[in-house]
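Engineer: I am attaching a structure below and will ask some questions about it afterwards.
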Amino acid sequence: MSRGPQTVLRGQLVGPGGVVPGELRFGERLEAVTPLEGAPDDLYLLPGFVDTHVHGGGGGDTMDGPGGIRTLARLHARHGTTTLLPTTITAPWEQVLAALRGVREVMNAGGVPGGADVPGAHLEGPFISPGRLGAQPPHTLEPTLGRVAEVLATDTLRAVTLAPEVPGGREAALAFARAGVRVGIGHTRADADPVTALLEALHAAGGRTCATHLFNAMGGIEGRVPGPAGALLADSHACAEVILDGLHVHPTVFRLARAAAQGRVLLVTDAMRAAGLGDGESELGGQPVTVRGGRATLADGTLAGSVLTMDQALRNAVAAGVPLPGASVMASTAPAASVGLKDRGRLEVGLRADVVVLDRALQVRAVYVAGRPVELTARA
Ligand SMILES: [Zn+2]
């Protein structure tokens, strides 16, 4: 097997411990990560972003099948995302299965040329609360063990979002956890205590756990009513997805999450089809969506996912006071770890050469997916 051409990049290396001048050498994998005095101080080199919750972008949606997945993977790659989990929406069962088979088809084809890597899918719904749909259409289903087996059989799932209080929810959560799937608690009306008990059971089974878009589609925290958000933040293992677009969570709530869940906050986009397309009319799960001023809403005003990209989420985290190394952990290191991807999320020799180059204003200057440069100027 040929090693292929080697790329050399110099700039400020961003790692969990800080920022140091240095040099990267890589083919498909990182071959050298070396401190280097005098490296350019106007370029930052970061591990590629990992988005574990993204429905669409560039006009494509996970529910469209392989074509839509390729479109969204290319759009988000231009914004620094080198790994993503195409995310399904609550829909009739056959459509959910078809979407997962579409993800499998993309994976079998060896990925998306010019796009982010697709190592699996995120199943968001239909196993959620009919009383906390958010922008999900009302096609909820109970997670019978038969249905759980059916989605696991697609051999795509790395993450799932479910409401533990729906009939069969606890058993399904444990089955997913035992299969190595990150269990996200979300779109839920559960009380705090059963969530705490479930998290403990999932951890005891060796499972990975998370809050799906913390504070969105779940109750808030009150002194005597901590709700699922309180239970998830108080847990010492569960990660917490945050949609940091300036619309879904208040900056103070983001700071609270960061303080409570040090190292466990993940930036996600929850982006929909219209991400990267500007204002206009779009669609989510068969429902009309209007995007105006970067705000995507259903006809009744409900926020319909976002048009966020990971580079903007990172800039928003920094603007909210997170030092760049911490923001990079939220955008890459923590999300990769949260779904068991050990071969990425850090700039270390031997890992995939997934690299984002940012300028001083944290704008994307170059992106490499497994060492291959992404064409930044391509249209969706
Ligand atoms: Zn979502």
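The values are calculated or read from the model by the stated rules, or taken from the named source; none is laboratory data. Here the structure is a predicted model, which means the values were calculated and not measured. Note that each Cβ is placed from the backbone with ideal geometry, even for glycine, and that neighbours are counted across all protein chains shown.
Engineer: Suppose we filter ARG170, ARG178, ARG208 for residues that are buried (at least 17 other Cβ atoms within 10 Å of the Cβ), under 22 Å from the mean Cα position of the chain (by Cα) and among the basic types (Lys, Arg); which single one remains? Before the answer, list the steps.
Structural biologist: Numbers: ARG170 fails: under 22 Å from the mean Cα position of the chain (by Cα); ARG178 fails: buried (at least 17 other Cβ atoms within 10 Å of the Cβ).
None of the others qualify; the one that does is ARG208.
Engineer: Write out, first by first residue and then by second, each pair whose Cβ atoms fall under 6 Å of each other, whose residues are 6+ apart or on separate chains, and whose first residue, in segment 126-151, is touching a residue at least 12 places away in the same chain (Cβ under 8 Å) and among the acidic types (Asp, Glu) while the second is away from the ligand (no atom under 14 Å from the Cβ) and part of a loop (DSSP other than H, G, I, E, B).
Structural biologist: GLU142/VAL166; GLU142/PRO167; GLU142/GLY168
Engineer: Oh, and also: Among the residues of segment 300-315, which ones are buried (at least 20 other Cβ atoms within 10 Å of the Cβ) and either modelled with pLDDT of 95 or more or of a type in the set (S, T, N, Q) (or both)?
Structural biologist: SER306, VAL307, LEU308, THR309, MET310, ASP311, GLN312, ALA313, LEU314 - these are the residues of segment 300-315 that are buried (at least 20 other Cβ atoms within 10 Å of the Cβ) and either modelled with pLDDT of 95 or more or of a type in the set (S, T, N, Q) (or both).
Engineer: State whether the residues of segment 331-339 include one that is among the β-branched types (Val, Ile, Thr), part of a helix (DSSP H, G or I) and surrounded by 24 or more Cβ atoms within 10 Å (Cβ to Cβ). Explain how you work it out, then say what you get.
Structural biologist: Let us first name the residues in segment 331-339 that are among the β-branched types (Val, Ile, Thr), namely 333, 339.
Add one more test, that the residue is part of a helix (DSSP H, G or I), and what stays is 333.
After this cut, where a residue has to be surrounded by 24 or more Cβ atoms within 10 Å (Cβ to Cβ) as well, the list is none.
No, segment 331-339 contains no residue that is among the β-branched types (Val, Ile, Thr), part of a helix (DSSP H, G or I) and surrounded by 24 or more Cβ atoms within 10 Å (Cβ to Cβ).
Engineer: For segment 5-54, give me each residue that is under 25 Å from VAL118 (Cα atoms), at pLDDT 95 or above, out of contact with any Asp or Glu (no Cβ under 6 Å at 6 or more places or on another chain) and part of a loop (DSSP other than H, G, I, E, B).
Structural biologist: Once the filter is applied, which keeps residues that are under 25 Å from VAL118 (Cα atoms), at pLDDT 95 or above, out of contact with any Asp or Glu (no Cβ under 6 Å at 6 or more places or on another chain) and part of a loop (DSSP other than H, G, I, E, B), segment 5-54 yields GLY27, GLU28.
Engineer: Something else: Out of all the residues in segment 204-218, is one or more away from the ligand (no atom under 16 Å from the Cβ) and over 27 Å from PRO16 (Cα atoms)?
Structural biologist: The initial filter retains those residues of segment 204-218 that are away from the ligand (no atom under 16 Å from the Cβ), namely 204-209.
In the following step, the residues that additionally are over 27 Å from PRO16 (Cα atoms) were identified as 204-205.
Yes, segment 204-218 contains at least one residue that is away from the ligand (no atom under 16 Å from the Cβ) and over 27 Å from PRO16 (Cα atoms).
Engineer: Listed residues ALA296, ALA238, ALA271; which is surrounded by 16 or more Cβ atoms within 10 Å (Cβ to Cβ), under 17 Å from ASP61 (Cβ atoms), of a type in the set (A, V, I, L, M, F, W, C) and modelled with pLDDT of 95 or more? Can you show your working first?
Structural biologist: Values: ALA296 fails: modelled with pLDDT of 95 or more; ALA238 fails: under 17 Å from ASP61 (Cβ atoms).
Sole residue among the options that is surrounded by 16 or more Cβ atoms within 10 Å (Cβ to Cβ), under 17 Å from ASP61 (Cβ atoms), of a type in the set (A, V, I, L, M, F, W, C) and modelled with pLDDT of 95 or more: ALA271.
Engineer: Oh, and also: Which residue pairs have Cβ atoms closer than 6 Å, lie 6 or more positions apart in sequence or on different chains, and pair a first residue in segment 255-274 that is closer than 14 Å to VAL322 by Cβ with a second residue that is among the charged types (D, E, K, R) and surrounded by fewer than 24 Cβ atoms within 10 Å (Cβ to Cβ)?
Structural biologist: VAL265/ARG258
Engineer: I need the strands (runs of 3 or more DSSP E) fully contained in segment 231-320, keeping only those with at least 1 residues that are hydrophobic (A, V, I, L, M, F, W, C), touching a Ser or Thr at 6+ places or on another chain (Cβ under 9 Å) and under 22 Å from HIS187 (Cβ atoms). If you could, list the steps in order and put the result at the bottom.
Structural biologist: Numbers: elements: 239-243, 265-268, 280-284, 287-292, 295-297.
Per the criteria, 239-243, 265-268, 287-292, 295-297.
Engineer: Continuing with the same structure: Tally the residues that are within 16 Å of the ligand (Cβ to nearest atom) and of a type in the set (A, V, I, L, M), restricting the search to segment 73-121. Show your work before the answer.
Structural biologist: Step one: filter segment 73-121 for residues within 16 Å of the ligand (Cβ to nearest atom), giving 76, 81, 84-91, 95-96, 99-100, 103, 120-121.
Those left that are additionally of a type in the set (A, V, I, L, M): 84-85, 89, 91, 96, 99-100, 103, 121.
So the count comes out to 9.
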